[in-house]
Structure formats: structure tokens, C-alpha cells
Amino acid sequence: MNYFRRFIFGFLFVACTVILSSCSTPKVAVAPSVPAVPHTYMANICLELTKCWPTNRTVTIVCHGHSVPAGYFKTPIVQTFDAYPYLLHSGLSERYPHAVINVIVTAIGGENSEQGAKRFQRDVLTLRPDVVRIDYALNDRPIGLARSEKAWRQMIDMALAQHVKVILLTPTPDMKAHLDDPNDPLNQHAEQIRTLAAQYNIGLVDSLALFKAQIASGTPLATLMAQGNHPNQKGHEIVAQELLKWFPNPTSP
């Protein structure tokens, strides 16, 4: 009799376990992380840019980074009006003729992302930007991937906490880098930035891939560079045209 009771008890225990397991919350499939898409990610900003006086407001875009967005060409020469922040501003003004647009450059030549992160609250977020672009990878090679990632995440987290749209930029080329070697630090930092954009589902401008595409099509890299590590106007135009895609014309599909 005791054996029979033990059998019944064991059977009921197993049955209850199966039932409870089947009633537990099912695992939800997690969609793969990908960078944001311009038409959806920037929709509210583009809407603001289409508004006319007196219902419009100033839309503020901050370009944070090192010497490239700062406008350095052949150091120490600075060509502000040939650099991608100004080219972007000019393109946006043409695309949105009723918009009041303020493109602010907070970039400092020679700076890396750790230094940029330290002043991010003071120099960037106090401007109350609508959009922030981050471009530091060219100078992050000496500090390495781990320290760079930490600094980029700090800036991204701070911006997103203030509901600021973020667009990350992979590096423009360095003529001393081995662009065809995936283990070259420039390529490694570019890949890390792509991963960050995907993980956070934020904007990405893959500058390095754009330059590689130009080289693959037969354009010598030297014709896109002002010096070994700074693009010339043609190089900046490549970046600016890609940045403009994040502000799609409201009449485009």
C-alpha cells in the first residue's frame, strides 16, 4: 500500500511539474539589433524642419569629435566651410528653406573619445541639441577598443537619456592604415561603431565604408585626402551627402 501511495504521489508531482512548465511565460524571440532607419528615426526632427514661421523653432545639430569635424585639412590650416558640418548645414538649408537650423561644432583637434566624453555634458548637452553626431575613431586607436567603447557608450547613454537623436560616424581614412586588413585598428574601431549603432538602434554613417567604395570604383584615395589623416573637400562631401540622407526630403517616398 505504501508503495502504491508513493507511486501515486510521484506521478502527481511529475504531472504538476509538466503542467506548470507549460503555463510559464514563453520566451520572446529577440529581434536582431540593427542601426536605425532615417525615415523613422528622424521623423520628428524632419517634421520640425518642415514647419514655417510662426510655428517653427530652431533645430540644433551638434557635431562632436576630433580634427576632421573641426575642419582641419592640411594642419594647421582650418577650412571650416569645406568641412562636412558646414556642408551639411548648407544642404539642410536648401532642402528645408523654411527651417531655422543651428549646426554647432564642438570638435577639438587631437582629441579622443575619452576626452570628448568628459566634456560631453558641459559642451554638448547644455546646448539642448536635437541631434548629436559623434566622430572620434580616427583618434581612438592609441587608447584601444575597450576604453573607446566605454567612452562612446557614456556619450550615447547621456544623449539618449535627454531624448537626443544620435548618429555615429565610422572613421574617415588614414593613408597609413591597411584598409584591406580587418585586423587593422581603423577597421576594428569602425566595426565596433557599427556594433554600437546596431545595439542602441541609433543612426550610423559608415564613412570608412563609403571611402572604401570610392577606392573600389577606381578613385585613388590620395585624391580624397588633404593630408595623410584628413579628408579634403571631396572627402568631406562624401560624408556630408551620407549625413543628409538622415534628413530625408519630406516629399520623397
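Does Ala107 count as within 24 Å of Thr195 (Cα to Cα) and surrounded by 14 or more Cβ atoms within 10 Å (Cβ to Cβ)? So Ala107 fits the description; yes.
Filtered by the rule that a residue be within 16 Å of the chain's Cα centre (by Cα) and surrounded by fewer than 24 Cβ atoms within 10 Å (Cβ to Cβ), segment 167-181 gives no residues. Considering the conditions (1) under 21 Å from Glu111 (Cα atoms); (2) free of Cβ contacts under 8 Å to residues at least 40 places away in the same chain, Asp180 is excluded by exactly one of them, (1).
Remark: Ala151 falls outside the filter, which requires a residue to be touching a residue at least 12 places away in the same chain (Cβ under 8 Å), of a type in the set (Gly, Ala, Ser), open to solvent by less than 70 Å² (accessible area, probe 1.4 Å) and not in a helix (DSSP H, G or I). In this structure, does Val100 turn out to be β-branched (Val, Ile, Thr) and touching a Cys at 6+ places or on another chain (Cβ under 7 Å)? Considered against the rule, which asks whether it is β-branched (Val, Ile, Thr) and touching a Cys at 6+ places or on another chain (Cβ under 7 Å), Val100 comes out as no. Filtered by the rule that a residue be polar (S, T, N, Q) and within 21 Å of Ile77 (Cβ to Cβ), segment 208-251 gives Thr223, Gln227, Asn229, Asn232, Gln233. Taking the criterion of being without any contact (Cβ under 8 Å) to a residue 40 or more places away in the chain and either crowded, with 24+ Cβ neighbours inside 10 Å or over 19 Å from the mean Cα position of the chain (by Cα) (or both), the residues of segment 118-142 that qualify are Arg122, Thr126, Pro142. Of all residue pairs spaced 6 or more apart or on separate chains, those with beta-carbon atoms under 6 Å, a first member in segment 52-68 that is open to solvent by 10 Å² or more (accessible area, probe 1.4 Å) and a second member that is part of a strand (DSSP E or B) are Thr58/Val100; Thr58/Asn102; Thr60/Asn102. Can you spot a residue in segment 170-181 that is of a type outside the set (Lys, Arg) and part of a helix (DSSP H, G or I)? For segment 170-181, residues of a type outside the set (Lys, Arg) and part of a helix (DSSP H, G or I): absent.
Only one entry in Gln188, Gln115 is assigned to a helix (DSSP H, G or I), touching a residue at least 12 places away in the same chain (Cβ under 8 Å), open to solvent by 40 Å² or more (accessible area, probe 1.4 Å) and polar (S, T, N, Q), namely Gln188. For segment 154-164, a residue qualifies if it is under 13 Å from His64 (Cβ atoms) and either basic (Lys, Arg) or outside any helix (DSSP H, G or I) (or both), and exactly one does: Val164.
If only residues of segment 77-104 that are open to solvent by 60 Å² or more (accessible area, probe 1.4 Å) and in a loop (DSSP other than H, G, I, E, B) are counted, the one that is farthest from Ser207 (Cα to Cα) is His98.
The values are calculated or read from the model by the stated rules, or taken from the named source; none is laboratory data. Values in this document were obtained by computation on a predicted structure and should not be read as measured data. Cβ: placed from backbone, ideal geometry, glycine included. Neighbour counts: every protein chain shown. Heavy atoms of the whole protein, side chains included, go into the accessibility calculation; ligands, DNA and RNA do not. Shrake-Rupley method; radii C 1.70, N 1.55, O 1.52, S 1.80 Å.
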